[in-house]
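What follows is a set of notes on a single structure, which appears directly below.
Bear in mind these aren't lab numbers, they're just calculated from the coordinates by the rules spelled out. Remember, it's a predicted structure, so these values are computed and weren't measured experimentally. Every residue, glycine among them, receives a Cβ derived from its backbone with ideal geometry; neighbour counts consider all protein chains shown.
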Amino acid sequence: MSSPKRALIVIDVQNEYFSGKLGISYPDPAITLPNVGRAMDAASAAGIPVVVVQHITPPGTPIFAEGSHGAALHPSIAERPRDHLISKQLASCFTGTDLADWLRSRDIDTLSIVGYMTHNCDAATVLHASHDGWQVELLNDASGSLPYRNRAGSASAEEIHRVFTVVMQTGFAAVASTDDWIAAVQAGQPLAASEGVLGSHLQAVAQ
């Protein structure tokens, strides 16, 4: 089994999710934020490129407004080394950015994703990357969600995070803890393959 050539994609770890209008609530950011930092440190130690992504909207918009405190990277992320910084305006880190070209020029074949939100920019990036041929890994304790209520109904942050990570594990991404990911990095090994759609379904109905 060949060793994956990874890049760590750190998505939108910005103040908006901690002291702004979009407070992440599950998993507890007191757990997920340090885990993002641990993943960055482990990647740097292993020579894995670190790409930091920052969501920016026009000045005066309610969230992530350019130049605002909410749009700024969280200090624990801003102070760490990175190899590339991307500004984006849409959910997928690939749309309207140079990310794909940057990764391909370095022969990256596996993307390890951390950051926020699990169900939005993380999911969009996972799906985009999976469809474009990359292997994808998602660290489920270095990402997180918040609750929603709208005309379609409501869901807690825990429900949203859990459902999205279960769905990602059906073939879009290998979902793992930060500890397991760091162990795989240090061993130069990929994470365990996903169960796929059929395998995941059969396990559910066999219970």
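Show me 67-77, 97-107 ranked by packing, highest mean number of other Cβ atoms within 10 Å first. Write down the numbers at each step before the final one.
Working: 67-77: 16.5, 97-107: 14.5.
Ranked from most to least packed, the peptides come out as 67-77, 97-107.
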> Roughly how many Å is it from the Cα centre of the range 133-162 to that of the range 109-132, as a whole number?
Replying inline: 12
> Out of the range 113-207, which chymotrypsin sites (Phe, Trp or Tyr not before Pro) are coil in DSSP terms and have no more than 12 other C-beta atoms within 10 Å?
Replying inline: none
> Using 7 Å Cα-to-Cβ label points, what is the Ser87/Asp101 separation (nm, one decimal)?
Replying inline: 1.7
> Label point 7 Å out from Ser76 along Cα-to-Cβ: which residues of the range 146-186 have amide N under 15 Å?
Replying inline: 178-179
